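Each value in this text was obtained by applying a stated rule to the coordinates, not by laboratory testing. Treat the numbers as computed from the prediction; the structure is a model and nothing was measured. Neighbour counts are summed over all protein chains in view; Cβ atoms, including those assigned to glycine, are modelled from backbone coordinates with ideal geometry.
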Amino acid sequence: MSEVSKVEDGQIVSLEYSLLVDGELMDSSVGHEPLEFLQGVGNIIPGLENELYGMAVGESKKVTVSAADGYGELDPDAYADVPRADFPENIPAEVGTELQVQDEHGQPMYARIDLVTDDVIRLDFNHPLAGKELNFDVKIVGLRAASAEETEHGHAHGDGHHH
Ligand code: ZN
């Protein structure tokens, strides 16, 4: 592997990160393996990826990503009302319950219960972080050129892990 010093397209970036939303810690790699990904192909959200260009190993940065550049704005059409009588009995009919349903093509879709009334259960299909500003603390902890195989696949290959 050739040495590389600054984040550019086509590199495998190892990133330590913490994500705060509304002041609350949502996710962090600190104390775990860093996130490893191929830069420049949209493996991570674009609003974060764009801010990493030119960073060196050991460099830290705070990155604020607007909802539009993160998980998108809340889609007012991404709700569905299910008659309570049609709702599976084995799923708790409580606001906040997360569930998986299938679309008309049999593809899994994730939803959360947004509202429960006597008659209907309203499902929210928005990503849980849609409409939210994302506040990242990031640190570049490793940088290397991607292998030909990683470039071809469009993602990073970890230790002995191939997919
Ligand atoms: Zn692969």
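Less than 5 angstrom separates the built amide H of VAL141 from those of SER14, LEU15, GLU16, GLY58, all sequence-distant by 5 or more or on a different chain. Using θ = phi - 60° in the Karplus curve 6.51 cos²θ - 1.76 cosθ + 1.60, the 3J(HN,Hα) couplings for region 57-70 round to 4, x, 7, 10, 7, 9, 10, 9, 10, 5, 3, 4, 8, x Hz; x is entered for Gly and Pro. Placing +1 on each Lys and Arg Cβ and -1 on each Asp and Glu Cβ, with no other charges, gives the chain a dipole about its Cα centre of roughly 540 debye.
Full extension of the chain segment joining ILE91 with ASP27 gains 20.4 nm, where the gain is 0.36 nm per residue of separation less the Cα-Cα distance.
Extent along the principal axes, Cα only, for the chain: 62, 34, 28 Å, with the longest axis given first.
Look at the dipole of region 31-163 built from charges on Cβ: of TYR79, TYR110, GLY31, the Cα furthest out on the positive end belongs to GLY31. Counting only residues at least eight positions apart within a chain, or on another chain, the aspartates and glutamates with an alpha carbon under 18 Å from that of LYS62 are GLU16, ASP22, GLU24, ASP27, GLU49, GLU51, GLU133, ASP137. Taking the Cα centre of region 79-124 as origin and assigning +1 to Lys and Arg Cβ atoms and -1 to Asp and Glu Cβ atoms, the resulting dipole is close to 80 debye.
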